[in-house]
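Okay, so here's the structure we're looking at.
The values are calculated or read from the model by the stated rules, or taken from the named source; none is laboratory data. Here the structure is a predicted model, which means the values were calculated and not measured. Every residue, glycine among them, receives a Cβ derived from its backbone with ideal geometry; neighbour counts consider all protein chains shown. The area values use the complete protein model at the heavy-atom level, side chains included, leaving out ligands, DNA and RNA. Shrake-Rupley method; radii C 1.70, N 1.55, O 1.52, S 1.80 Å.
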Amino acid sequence: MREDAIRAAEAHLNGIGAKDISAVPYHPDVVIQTPLGPPVKGADAVRQACRSLFPLVMGIHIVRHIVDGDWCATIFDFEYTFGTFRIIDCFHVVDGQIVSIEAYYDPAPILAGFQKAAAT
């Protein structure tokens with residue numbers, strides 16, 4: 001289970017960093033919750049939401065995984081075109097598929113960066 005959780009979390013984060021999420025094992029009913037909006041539900045909607053970030057993504061550096069059963073909390077630095085931010089994502093992985101992701105970060109500087117990027 002530990003290896004499955006880490007593998008799935010890394011597939012998601014490294015996929016976003018590489019701007020290619022085609023191999024991420026999302027469960028068909030996956031749900032992502034972030035501080036910036038309502039939950040995104042379903043694999044297709046999650047893939048679309050992730051792809052919308054690609055123009056602003058510079059890279060992702062994974063710092064640490066903390067695993068407990070089928071849960072994996074991953075601390076990482078998300079490098080956008082407008083700055084780098086420390087984020088913690090909590091992944092629930094069942095049978096190798098990501099069932100849910102909850103992101104934890106201060107949304108204020110990221111939201112300001114999104115707004116600045118949109119204005120240019």
Within segment 111-120, residues in contact with a helix residue (DSSP H, G or I) (Cβ under 9 Å, 6 or more places away or on another chain) and either of a type in the set (Val, Ile, Thr) or surrounded by 15 or more Cβ atoms within 10 Å (Cβ to Cβ) (or both) come out as GLY113, PHE114
Being at pLDDT 95 or above, under 13 Å from the mean Cα position of the chain (by Cα), within 19 Å of VAL31 (Cα to Cα) and hydrophobic (A, V, I, L, M, F, W, C) is true for just one of ALA73, ALA45. Which residue is that?
ALA73
Failed condition for ALA108, given (1) modelled with pLDDT of 95 or more; (2) open to solvent by less than 70 Å² (accessible area, probe 1.4 Å)
(1)
Restricting attention to segment 20-40, and to residues there that are within 19 Å of LEU56 (Cβ to Cβ) and not hydrophobic (A, V, I, L, M, F, W, C), which single residue is modelled with the highest pLDDT?
ASP20
